[in-house]
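Below is one structure, written out as structure tokens, with a few remarks after it.
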Amino acid sequence: MSATTTRDERYLMDRDRVLGPLFLLPAVVYILALVGLPLVLAVLYAFSDVTVADPRISGRDDFVGFDNFRAIWSDNVFRKALRNTVVFTLISQVIVLLLANILAMVLSADFHGKRLVRFLVLLPWTTPVALGVLGWFWMLDSVYSPIDWMMREVGLLGPDTPFGPARNMYWLGTTHLAQGAVILVHVWRTLPLATVILLAGLTAIPQDIRDAADIDGAGFWRQLFYIRLPLLLPIMAVALLFAIIFAFTDLTIALVLTRGGPVNDTQVLASWAYFKGIQGGNLAQGAAIALFLLPVLVAIAIAMLRLARRAGEETA
Amino acid sequence: MATTTASATETHTEQAGRNRGQRVLGRVVLYVVATGFALFAALPFAWMVLTTFKADSDLYRPANNPFVYNDPPTWHNINLLWNDTSYPTFILNTLLVAVVVVLITIAVVVPAAYALTRLTGRWGESLGILIFLVYLVPPTLLFIPLTGVVADLGLQNSKWAMVLVYPTFTIPFCTWLLMGFFRGVPWEIEEQAMIDGYSRIQAIWKTVLPVSLPGILTVVIFSFTLSLHEFVYALAFVQSSDQKTVSVGVFTELIRGDVFFWQSLMAAAALVAFPVALLYNYFLDRFIAGFTLGAVKG
Amino acid sequence: MKHPTFRTDRDTMARVETRNLVKQFTASGAPAVNGISLQTTDGEFLVLLGPSGCGKTTLLRMIGGLEKPTSGDILIGDRVVNDLPPRARQIAMVFQSYALYPHMNVRNNISFPLKAAKLDKAAIEQKVQWASSILGIDQLLDRKPRQLSGGQRQRVALARALVREPNVFLLDEPLSNLDAQRRASARDELQVFQHEIGTTTIYVTHDQVEAMGLGDRIAVINDGTIRQLGTPHEIYEDPADTFVATFLGSPPMNLVERDGDLVGFRPEAVELVPPEHGDASSWLHLTLAEAREEYLGSEKLIYGEIDGVRVVARVHAGTPMPAHEGGKIPITVNRAALRIFDKDSGLRRQPASDSVSASPAEEASA
């Protein structure tokens, strides 16, 4: 009996310890090279003087300390953009949360044409953002907006009317209307995702819990506040976190709908970073602006981790 | 005795009537609210379709009722889109980018998701969540440094820049999505294949992959549509028309200065929106399972 | 099992041996397998019996190559196989769930191992026919696993194990997913089948009836160690310790304290009617308090207490209950049927001469 171990090259690929890292390698390399590295670069850029014309950090003298941050902070537009980003996100997501709860409840009921309604309600999320926003852009056109036409027909717009004497509202040309429009389109865009996540949570509430509540004589409102909403809370948090991220970091809506206008009144961090960094060619300042997104992202990532961990503990 | 019975039945019918009234009211509210939401969501799309077939003479007259065809509908705008713009090129670019991104995603995600579910034990799950969190890092934070990286690689103003970068958001989400599917494959059929004389890789190829085909298909659809959706990178990386995808292309070709080819723009959007919506709708439940972080067990 | 035309031209008849095998899943926790040494003989049917979580399945999976041992050696046919992957061990395994490939029909399931061995088409077809006719599933070859009953699935799994002509069969509770009726007949078929093909078989179960009925020998395992290894008769009649004594038998062996030792006797060893010449040297007299009876048809069980310990007697249903006062009845046990255990260690005090017992202590020092 030979007690020699039969370690054999042929069986190397059968070992977990060999195969596991090998399988993970491509994903990890991809993420490190094209997410990790750019993230580090974003920070480096923000402290350097790189431009589109001279995009290299070649030495010590390319670093300018907090100059970029001082420069962007002293710019009125940046502060507008920062405020708009926060305000747009907060307002739109409060509305989304409210509407998503209602819509999820509607879609969890049975009614004729439910599949069609679900399909239509999902459209804003399934369409490429830029193209969906383009539809709104046309609906809110300064001259041919159908909303303006309706207002004119019922006597709200035009000479001698409450919103007159102009014949158009100039939805995207007036500060508050434009800001309202951006929020509206945010709601329109994020509502479907939040709804379907909540819907998944609703359908996961066991039928016997609902039956028990019925038998206990709990009415609609009591069931809503004491059963559905508390049970939905974790999933609502997930929906909200996703929605916040998408709204907070969005560039497309601001860019396509208003291009930040009028006079930068709908500028957000992402769009301002784009205008400064790519269009203006000042990569360093653009990166510094975008860096202001990071704290919120980190906070949301931590919140997500906690939620996932709690979900894992509950199912374990 | 008789009176009590009578009054009892009376209150009974009264209550039944009230219940029925409430139920009818409930149904009415339900339909009204559902219709309201459907209208809100679909209005821009209805508007796109309506606009697509309008003649210039109809569209650009503010006094015309914009909800009807005052002049007969026309195919002219779609013809213009197909024949006189780079729209077909945009479509081809979009498809090419999406298909290659799907291939890269599958090649990277399948082994990674397998390793995280099967080979790495308990910390695999945690690493999976970490990889998922990468999905939350938005393009708006990365597009500026990535512009530099892309330039260093000599890919500026090329659709291959998008091919290279798009997997950064498809890989994290799809790894997570596929982990869910792999978790559902019974361990034993794979071990059985190894007992039956196959190596680990053969066992995966012959048992795990065929059984999780629905999951892989979901990954294909999801990474395909995510590539279709992308706007920020496409905008930052590519300037020439022949390299552009639909999302950014239509803006340069159909908006010339301040002249908007509205009908063709709307046609361009609608032609992409509806097929993608149908795809999504079919695979919806599987995407949601990914988004809910396992907090909901289907 | 209609055509018992079994091949016997196997090149190696394999013995399986484990030497001081240890498996520790987590660095801090208790080991799942804690130093198990055992050896099968050629063609033996060895049953690993124990409660769930005792380490028996982990032991089987290590022999199959699905888990890596923390320490110790595994030998199949005198060759150390610790570092060989499952496919290089020439074994076949049937899982509790049968692990049929859901995307393949029965024919492809059975031929799957043969394709791995790169047999030519004709040879594969011949072997599939051979195995499926032995197990009586030739009519099912084109079905998918989900179209099969539990019993049919189990036969397909066995056929797939059989075509490999393995050196060793590893079976992990293969009957536990069958209903009670089907299980009894499957047990019988399995035994006939194993005896005819004569392949060394290691069989894991927590069901003592299966273990007693199937095993040439039984290894009783608890807490990752072998408590006793012996024939079913030895295990039942001469348990090595109180764990084995109380794990086997239904109801299990009674244990009462007498003179500082634990005295064990099987329920069927109890006599209600005192024997005529029942002197104290060959009979033990006890008094059962709070006696109740449970009628089971062919027999009845008498429950009671001795010194606060629950005791059960099993007697023929026709046996009359003796007259009793206040629920107390006298019982008698032949001293030859008594097994004495140490009160502290639980080990057998006076091992019977014909018993091959392997207490943990002896096993470790061997």
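The values are calculated or read from the model by the stated rules, or taken from the named source; none is laboratory data. A quick note: this is a predicted structure, and the numbers were derived from the prediction, not measured. Neighbour counts are summed over all protein chains in view; Cβ atoms, including those assigned to glycine, are modelled from backbone coordinates with ideal geometry.
Tell me whether region C:81-88 contains one or more residues that are touching a Gly at 6+ places or on another chain (Cβ under 7 Å), within 7 Å of another protein chain (Cβ to nearest Cβ), more than 23 Å from B:L119 (Cβ to Cβ) and part of a helix (DSSP H, G or I). Looking through region C:81-88, none of the residues is touching a Gly at 6+ places or on another chain (Cβ under 7 Å), within 7 Å of another protein chain (Cβ to nearest Cβ), more than 23 Å from B:L119 (Cβ to Cβ) and part of a helix (DSSP H, G or I). Condition check: among the aliphatic types (A, V, I, L, M), within 14 Å of chain B (Cβ to nearest Cβ) and over 27 Å from C:G53 (Cα atoms). Does C:I110 satisfy that? For C:I110, the condition - among the aliphatic types (A, V, I, L, M), within 14 Å of chain B (Cβ to nearest Cβ) and over 27 Å from C:G53 (Cα atoms) - is met.
Residue-wise test of (1) away from every other protein chain (no Cβ under 14 Å); (2) of a type outside the set (A, V, I, L, M, F, W, C).
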| position | (1), (2) |
| --- | --- |
| A:R70 | yes, yes |
| A:R79 | yes, yes |
| A:R83 | yes, yes |
| A:A109 | no, no |
| A:K114 | no, yes |
| A:F119 | no, no |
| A:L123 | no, no |
| A:V129 | no, no |
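Just one of the listed residues (A:L107, A:L37, A:L82, A:L122) is surrounded by 18 or more Cβ atoms within 10 Å (Cβ to Cβ) and touching a Pro at 6+ places or on another chain (Cβ under 9 Å), namely A:L122. The requirement of being part of a helix (DSSP H, G or I) and surrounded by fewer than 16 Cβ atoms within 10 Å (Cβ to Cβ) is fulfilled somewhere in region A:48-60, by at least one residue.
There is at least one residue in region B:159-179 that is more than 10 Å from chain A (Cβ to nearest Cβ), crowded, with 19+ Cβ neighbours inside 10 Å, more than 23 Å from A:T249 (Cβ to Cβ) and not charged (D, E, K, R).
Looking only at region C:101-113, which residues are of a type in the set (A, V, I, L, M) and crowded, with 23+ Cβ neighbours inside 10 Å? If the condition is that a residue be of a type in the set (A, V, I, L, M) and crowded, with 23+ Cβ neighbours inside 10 Å, then C:V106, C:I110 are the ones that fit. When you go through A:A104, A:A166 one by one, which is the residue that is more than 8 Å from chain B (Cβ to nearest Cβ) and either closer than 23 Å to A:T249 by Cβ or at pLDDT 85 or above (or both)? None of the others qualify; the one that does is A:A104.
Of the helices (runs of 4 or more DSSP H) lying entirely inside region A:240-316, those carrying at least 1 residues that are free of Cβ contacts under 8 Å to residues at least 24 places away in the same chain, among the hydrophobic types (A, V, I, L, M, F, W, C) and assigned by TED's automatic domain parsing to the domain that holds A:L199 are A:269-274, A:294-315.
Every condition in (1) at pLDDT 85 or above; (2) crowded, with 16+ Cβ neighbours inside 10 Å holds for C:L272 except the one numbered (1).
Checked against the criterion of being modelled with pLDDT under 90 and either at the interface with another protein chain (Cβ under 9 Å from one of its Cβ atoms) or assigned to a helix (DSSP H, G or I) (or both), the candidates B:V208, B:V250 yield just one match: B:V250. Here A:L131 does not qualify as assigned by TED's automatic domain parsing to the domain that holds A:A194 and assigned to a loop (DSSP other than H, G, I, E, B).
This table checks each residue for (1) in contact (Cβ under 8 Å) with a residue 40 or more places away in the chain; (2) under 11 Å from C:V333 (Cα atoms); (3) not assigned by TED's automatic domain parsing to the domain that holds C:G326.
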site: C:N254; (1), (2), (3): yes, no, no
site: C:G264; (1), (2), (3): yes, yes, no
site: C:P267; (1), (2), (3): yes, yes, no
site: C:E271; (1), (2), (3): yes, yes, no
site: C:W283; (1), (2), (3): yes, yes, no
site: C:S298; (1), (2), (3): no, no, no
site: C:L301; (1), (2), (3): yes, no, no
site: C:G308; (1), (2), (3): no, no, no
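Quick check: is even one residue across region C:92-107 of a type in the set (D, E, K, R), at pLDDT below 90 and outside any loop (DSSP other than H, G, I, E, B)? No: zero hits. Looking across B:Q239, B:Q263, B:Q192, one residue alone is assigned by TED's automatic domain parsing to the domain that holds B:V149 and outside any helix (DSSP H, G or I). It is B:Q239.
If you go through region C:94-127 and keep only what is farther than 15 Å from B:A203 by Cα and within 30 Å of the chain's Cα centre (by Cα), you end up with C:V94, C:F95, C:Q96, C:S97, C:Y98, C:V106, C:I110.
Could you tell me whether A:W138 is of a type in the set (F, W, Y) and within 9 Å of another protein chain (Cβ to nearest Cβ)? Criteria met by A:W138.
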